[in-house]
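Heads up: the structure comes next, in structure tokens.
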Amino acid sequence: MADLPVPESPIPPPGDPRALTERVADADRDRTVTQLREHVVEGRLTLDEFSERVGSALQARTRGDLQAVMANLPAARRADERLPEPGTGSSKKQRHWHVAVMSGHSTKGRWRISGKTNAVAVMGGCDMDLRKAEIEGPEIEITAFAFWGGIDIIVPEGFDVELRGFSFMGGRDLRLRDVPIIPGSPRIVVKGFAVMGGIDVKSRPNRSGKELARAAARRVLKTAVPVTSPRELAALEQDIRRDLPTDGTVTILFCDMVDYAGMTERLGDQASRQLLRDHHRIVRDAIARHGGREISVQGDGFMVAFGGVARALRCAIDIQRAVLAYVPDDEGETIAVHIGVHTGAAVDEGDDYLGHTVIVASRLADAAGAGEVLVSSLSEQLVQGSGEFTFDGHRETRLKGMERAQSSATLAWTE
């Protein structure tokens, strides 16, 4: 893995107030990512913590933002020092084993993995969750052998993962979400050998939906609700969590940028990435304000769940108005989004939602035009009595992959 570029000028010390507001360049963000990579290689950060901080670093605008990303971490190496190479040090020579013989074996939470690791399942099941693991070194190798058994390996989204090996009367499956690779992330190589068994490698968000809901609740409470004590904050946070969706009826919102692929081709990677970061910031701010639960992000697309239709529609309006008011730093190309909203029964899988409701909401977003919020007739009917929302453009929308047209309407959001 090639090291990321390191700019010559270091980030100013925190004692200089003017330096904290100084705008940063892509080279400064890349330098911070390189430093974070060093900390995860040395085992100070879990993959979960690493990916979260990298996300903040890529969205940073000022020196102060970058210093906040590196909070609670020791000083970084000098620019002329090299990162440790894989296979060096005594810890890299150790080979760890995860074995399940006619039984089950599960490794999850905060645990340490380095060098080469073996996973064996013989007429049993072996589960490995790497999302909160401490990885030592820029690359790890997992040799997985399944004989009349199954091995499931969960990796964080946005990591470089490779599945090698072969299967005989069995199967190997690599399922990774279509999201950009996190710069500087460790590489995960799985050598899978399945004999009348199965080996599944799949990615999931670094934080579960419930953790994201709690984080959103805390952000809403701390910014919008005055509290006088930690006990009061905890009580209010609990009230918001009760309203967040679990199983049953939920409202799903999908939001995608318009023509992001074409924008990347026209503007180049750096400029389009800045627009993507601004888009993510706008959407996440609206989600936090309206108590939504961020389920997944795939490139330029968000999937969000709400406990009520009104919250989802307020969030959609908030996003569209913020996008309309957005002015890029270089006064260049602006952005636009299209949003789909649908309400129905969905199954909460902990980190994701599944079912027909999700598919309809996604297809409505695809069918919506630039700047449009396309809402299913069911969602519209649920808020008609409130008098808060206005709909027009009622139509029968043909959704991809579905035989019957979906009754829908456009949500009026302009002031």
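The values are calculated or read from the model by the stated rules, or taken from the named source; none is laboratory data. Note that the structure is a prediction, hence the values are computed from the model and not measured. Cβ sites come from the backbone with ideal geometry, for glycine too, and all protein chains shown count toward neighbours. Accessible surface areas use protein heavy atoms only, side chains included; no ligands, DNA or RNA. Shrake-Rupley method; radii C 1.70, N 1.55, O 1.52, S 1.80 Å.
What fraction, in whole percent, of alpha-carbon pairs in region 303-413 exceed 23 Å separation?
Of all Cα-Cα pairs in region 303-413, 30 percent lie more than 23 Å apart.
Would you mind calculating the gained length between residue 72 and residue 169 on full extension (0.36 nm times residue separation, minus the Cα-Cα distance), in nm to one decimal?
Extra length available between residue 72 and residue 169 comes to 29.9 nm.
Would you mind putting 63-73, 298-308, 99-109 in packing order, based on average other-beta-carbon counts within 10 Å, highest first?
So the peptides 63-73, 298-308, 99-109, ranked by packing, come out 298-308, 63-73, 99-109.
Rounded, prolate or oblate: which fits region 333-397, taking a ≥ b ≥ c as square roots of the Cα gyration tensor eigenvalues, rounded meaning a/c under 1.5, else prolate when a/b beats b/c?
Judged from the Cα gyration tensor, region 333-397 comes out oblate (a/c at least 1.5, b/c at or above a/b).
Per residue, how much accessible surface does region 139-206 expose to a 1.4 Å probe? Answer in Å², no decimals.
41 Å²
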